[in-house]
Amino acid sequence: MAAWAASAPLVAQTPGGGLSVATADGWQPWEESRDGPVRWPAADPRIEGAVSWTVAAPGVEQGVLRLRGPGGWSVSVILIRLDPAAVVFDVVVPPRSADGFAGRWRVDDAPDDALVAVNAGQFTSGPWGWLVQEGRLRQPPGSGSLAPGVAFLADGRVGLLPPDSLLLAEGVGAGFQSYPALLVADGEVPGALRNAGAGVDLTHRDGRLALGLLRDGRVLLALTRLEGLGGLLEVVPFGPTTPEMAAVMGALGCVRAVLLDGGISGQMMLREEGSRRVWPGLRPVAAGLVVRPAPNPGT
């Protein structure tokens, strides 16, 4: 079980009735989704054990976690686990149109050699906040204490950098900024996700897309999809609260994590056995994250 942080309140004060997780023995209550630890020093064995992983490509694994919420609704959490030693990450921003309007991107636009693609960051009229492409700073950081930068370093590592460090960040080949952070420092749940009135809506339910870093350096992507009516409800923007999504990422072993744009923007592509599997969004976005095979894996 996860230990409690000694220097913080005993439990995160988040509303809701808690989630249940689908296991081999049926649906089991998972109270940590409601009154979870304020720090996740390790994965929750019950959640880890509820996921079976399959290899989609070298360095790419796929799994599914099923959760049920108060009232009986259920979601599939589509999980992709990536080894940075075997893949490379690119941030794609379509060019603006002649009238200056930001370009728009879907996972269907990912190139033929892409193994994985998701929408990246948050958006206004274009990509929001810090943006690095091909080692060059394209946009300065946006402000916000819960807005870390997702940094793909030139040496192959991936980092989630504090927002106040982004202007001084070195060795970044590509990167973008997003909001809000779900886990910071060493698996800590930010106070704004534990206490109402601190700027984050703790009760809103939505479709979610999150990116996290596991303790061994691998990257975890998690996209929620509402279940029901034979898959017709998948694009309905309903699912975990932000605190619940923080618990999901912590229970899966992430040390740091951040939400990407979810709702009707959340979308994912995975190449399995030469074919593309797509979980579409209802609208195009201003930037994408594309994962390709590394030219020299492991070097």
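Overall, the accessible surface of segment 159-225 at a probe of 1.4 angstrom is composed of carbon and sulfur to the extent of 55 percent.
Accessible area per residue for the chain is 42 Å², calculated with a 1.4 Å probe on protein heavy atoms, without ligands, DNA or RNA. The label-point distance for S145 and W27, in a model that sets each label 7 Å from Cα toward Cβ, rounds to 3.8 nm.
Other residues whose C-beta falls under 13 angstrom from the C-beta of G274 contribute a net charge of -1, scoring Lys and Arg +1 and Asp and Glu -1. Packing, as the average of other Cβ atoms within 10 Å across residues, places the peptides 62-68, 154-160 in the order 62-68, 154-160, highest first. Just the protein heavy atoms count here, and of the accessible area of segment 243-299 at 1.4 Å, carbon and sulfur take up 49 percent.
Computed about the Cα centre, the dipole magnitude for segment 165-299 is approximately 240 debye when only Lys and Arg (+1) and Asp and Glu (-1) carry charge, each at its Cβ.
Size check on the chain: the Cα extents along the three principal axes, sorted descending, read 50, 42, 42 Å.
Once the Cα atoms are used to define both axes, helix 242-251 deviates from the longest principal axis of the chain by about 90 degrees.
Could you tally the net charge around D113, taking each other residue with its Cβ under 12 Å from the Cβ of D113, Lys/Arg +1 and Asp/Glu -1?
+1
The listed peptides 24-35, 217-228, ordered by packing as a protection proxy, come out as 217-228, 24-35 (highest mean of other Cβ atoms within 10 Å first). Counting only DSSP H runs of at least 4 residues, each contributing -39500 (n - 2.57), and dividing by the residue count of the chain, the helix-based mean residue ellipticity at 222 nm comes to -1500 deg cm²/dmol. Taking a sphere under 12 Å around the Cβ of D35 and counting the other residues whose Cβ falls inside, with K and R at +1 and D and E at -1, yields a net charge of -1. Placing dummy labels 7 Å off each Cα toward the beta-carbon, the span from R66 to A42 is 2.8 nm.
The values are calculated or read from the model by the stated rules, or taken from the named source; none is laboratory data. Bear in mind the structure is a predicted one, so any value in this text is a computation, not a measurement. Backbone-built Cβ (ideal geometry, glycine too); neighbour counts: all protein chains shown. Ligands, DNA and RNA are excluded from the accessible area calculation, which covers all protein heavy atoms including side chains. Shrake-Rupley method; radii C 1.70, N 1.55, O 1.52, S 1.80 Å.
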